[in-house]
1. Name the lysines eligible as straight-distance cross-link partners of K98: C-alpha to C-alpha under 28 Å, and not fewer than 8 places from it in the same chain.
2. If we count every other residue with Cβ under 12 angstrom of Y92's Cβ, Lys/Arg +1 and Asp/Glu -1, where does the sum land?
3. So what's Rg/Rh here for region 50-114, counting alpha carbon atoms and using the Kirkwood radius for Rh?
4. Along the Cα-to-Cβ line of S24, 7 Å from the Cα, sits a label point; which residues in region 70-91 have backbone N less than 16 Å from it?
5. Could you tell me the relative contact order of the chain? Use alpha-carbon pairs under 8 Å, at least six residues apart, and round to a whole percent.
6. Anyone know which of L17, L101, L46 comes out most mobile in the 10 Å Cα GNM of the chain?
7. Could you identify which residue out of N75, N26, N57 has the top mean-square fluctuation in a GNM of the chain using Cα springs shorter than 10 Å?
8. With θ set to phi - 60°, apply the Karplus curve 6.51 cos²θ - 1.76 cosθ + 1.60 along region 78-86 and write out the HN-Hα couplings as whole Hz, x wherever there is a Gly or Pro.
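Where a number appears in this text, it was derived from the coordinates with a stated rule and is not lab data. This one's a predicted model, so the numbers in the text were calculated from it and none came from an experiment. Neighbour counts are summed over all protein chains in view; Cβ atoms, including those assigned to glycine, are modelled from backbone coordinates with ideal geometry.
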Amino acid sequence: VQLQASGGGLVQAGGSLRLSCAASGNIFSIDRMGWYRQAPGKQRDLVATITIGGASNYADSVKGRFTISRDNANNTVYLQMNSLKPEDTAVYYCAAEKYLLYYWGQGTQVTVSS
């Protein structure tokens, strides 16, 4: 499974960004897809995940501001990020779960200026 993420960038606080992640390769039986983030000097943390059936899960810090969605026909997951805060600054990684194994994308930088 290969994951290609895009959409990061620099935005002012209060702004919005949309991340995309396309899965390719042996994508049969991918269940959960999602986004994690890692700020400098910190561990990688869950942001949001979504199952193939559309059930989503969010970190408390992003609830009400971020929305995860998924296009199963195109094997793509999206993360709409609104009301961004400086503390959202991190490298965002796309992930896909298949048979309890996680596959990771290359990461995309999101920087929110105050």
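1. Those lysines meeting the cut-off are K42, K63.
2. +1
3. That ratio equals 0.98.
4. Backbone N within reach: 74-77.
5. Averaging sequence separation for qualifying contacts and normalising by length gives 37 percent for the chain.
6. Per the Cα network of the chain with a 10 Å cutoff, L101 tops the list.
7. In this elastic network of the chain, the residue with the biggest mean-square fluctuation among N75, N26, N57 is N26.
8. Running phi through 6.51 cos²θ - 1.76 cosθ + 1.60 with θ = phi - 60° gives 10, 9, 8, 10, 10, 6, 5, 10, x Hz.
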